[in-house]
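Read-outs throughout are calculated quantities, based only on the coordinates presented, and are distinct from any laboratory measurement. Note that the coordinates shown come from a computational prediction; the quantities given were computed from them, not determined experimentally. Note: ideal-geometry Cβ built from the backbone for every residue, glycine included; neighbour counts use all protein chains shown.
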Amino acid sequence: MIVDARKLDHGTVIESDVCVVGAGAAGITIARELLGSPLSVSVLESGGLEFDERTQSLYAGENVGFPAYDIDVNRLRYFGGTTNHWAGHCRPLDPIDFERRAWLPHSGWPISRADLDPYYARAQPILELPPFHYDDLDFLTEQAGAPALPLDAGRLKSVVYNQSPPTRFGEVYRDELAQSTNVMVYLHANVLELASDAAASRVTGAEVACIDGPRFTVAAKRYVLAMGGMEIPRLLLLSNKVAPAGLGNTYDLVGRFFMNHAAVRPAVTILLSANDISLPLYHNLHQIQGGEMFAVLVLPEQLIRKEALRNVRMHVDQILLPSPGQEALKAVGRALRRGAVPEDMGQHLARMLSDLDGITNLAYRRLFSTNADLIEHDEVRAGLRLDLVTETSPDPDSRITLTEDRDLFGQNRIAVDWRVADADLQTAVRAVELAALEFGRLGLGRAWGELLEDGSVWPEHVESGKHHCGTARMSDDPKAGVVDANCRVHGLANLYVAGSAVFPTIGYANPTLTIVALSLRLADLFKRLA
């Protein structure tokens, strides 16, 4: 059943077996898995069924580190959560992502990819995806009728991605939850604090408030925080009446190790050697077994180990390009006529050298006042755009903290200090170098990009993903993480975390598939404990 919490009586106490805070991908997945079970479930969602500015304003905060989207823009605070605007790209984390990598400090999960594989397979239909074929590139090429690039296996490889419609959890699964008799969804229900016993070893209640409405309490046997990688640490830090540093924060780890994906779009532009070159396996969606698939480029595992790199992926899009040499020559000419030298002169020179035919034709036409070309050359050329997304390193100084600024409820807002390591940039540079080398070796074209010209700094157009990970990381050792291998908060008998906050490392894959898989695993645990 779905209930508007604003209609509850002030001071109401709701009792249930499981209380889930947040109704996004994680919270709705857990609730659906418990439908029809003997367990009574309360789901607390801050928003309603539609977007609301006042509720969304509760997300406001500040970025004080590496450039990122505004905090209140890249998340959505209503039923369905951020699945109301996600892109739908799906792939599991790679096996290496779960390993302790000697060259990557603070890496290593207490579970393996094999532990999650059954849940990844179960997650497919929830995300409206075809059966699990991520590790079978031949399957994709055969079904799509399109070949993969004949890449040097030591440099790059192609892997399979699935495309969700994308699934809007709040729309697709609303009716199921509305018709349930054992799952109660409370809308407009903002959890302000988790109350605990005197030893801060057990949560005794969730203190909830509606904007301009009643306040009430949910008393449950078990609690799950499923509000995303920023709000989970915020609530834990705010729950500080018994534990001054916040619940689960004995070792000052709540909010630390914040990770996101760093993206450069485009990272490489390739002028194809012929206009009839097409790579549909990568830039088209292929309808296969009731779903859609495509391929991306990644670094092979042996290279990652050999060169101590992070994990990275590159999307390939077909585009049309004006003659790069001509465009660069025109830009330089305009600047020189103003008595200036372009700041990006090196980039312009590189483009001219990569397209000597184009600048020869431009010079010929201007010199002889003709529209004819000296060399056969298309003014608009076929090209490729490679968009790069890289894993960033887990860093304890990359963190979320409370500020003195307050929201509508008087609750402290957050500041996000995202740190990106030099090694993350080096991985991005190496990836685009390898892409340029491979496309050149295959005779497909000439490449350029800012990372190829100056690998010492991120390009100005670098941006963050919208994937907030690591702030309640998973570890067997309470001194190294916030939750254990079962996603239970260390030191608290009945508090769990669902979602990407528990990721010790982020990999290159979009997190939603893994979020759903981990949520299924947690729901199974609750069924066994019932």
Distance from region 7-30 to region 479-530 (C-alpha centre basis), Å: 18
Gain in span if fully extended, Leu353 to Glu62, counting 0.36 nm per residue against the direct Cα distance: 100.4 nm
Cα convex hull of region 1-72, projected area averaged across orientations, nm²: 7.0
Lysine pairs meeting the criterion (Cα under 23 Å, 8 or more apart or interchain), as found in the chain: 4
222 nm mean residue ellipticity, helices alone, for the chain (DSSP H n ≥ 4; -39,500 (n - 2.57); rounded to 500): -7500 deg cm²/dmol
Fully extended contour minus Cα-Cα distance, from Asp197 to Phe368, at 0.36 nm per residue: 52.8 nm
Relative contact order [Cα under 8 Å, 6+ residues apart], the chain, whole percent: 24
At q = 0.12, 0.18, 0.21, 0.27 Å⁻¹, base-10 log of I(q)/I(0) for region 463-530 (Debye sum, equal scatterers on each alpha carbon): -0.31, -0.67, -0.86, -1.22
Ratio of Rg to Rh over the chain (Cα coordinates, Kirkwood Rh, two decimals): 1.03
At least 18 Å along the helix axis (C-alpha) and Kyte average at least -0.5, DSSP helices within the chain: 324-337, 422-441, 512-529
Mean Cβ neighbour count within 10 Å, used as a protection proxy, ranking 420-428, 188-196, 9-17, 140-148 highest first: 188-196, 420-428, 140-148, 9-17
In Hz, Karplus ³J(HN,Hα) per residue of region 250-264 (6.51, -1.76, 1.60; θ = phi - 60°; x = Gly, Pro): 4, 10, 6, 10, 5, x, 7, 6, 4, 10, 8, 8, 9, 10, 10
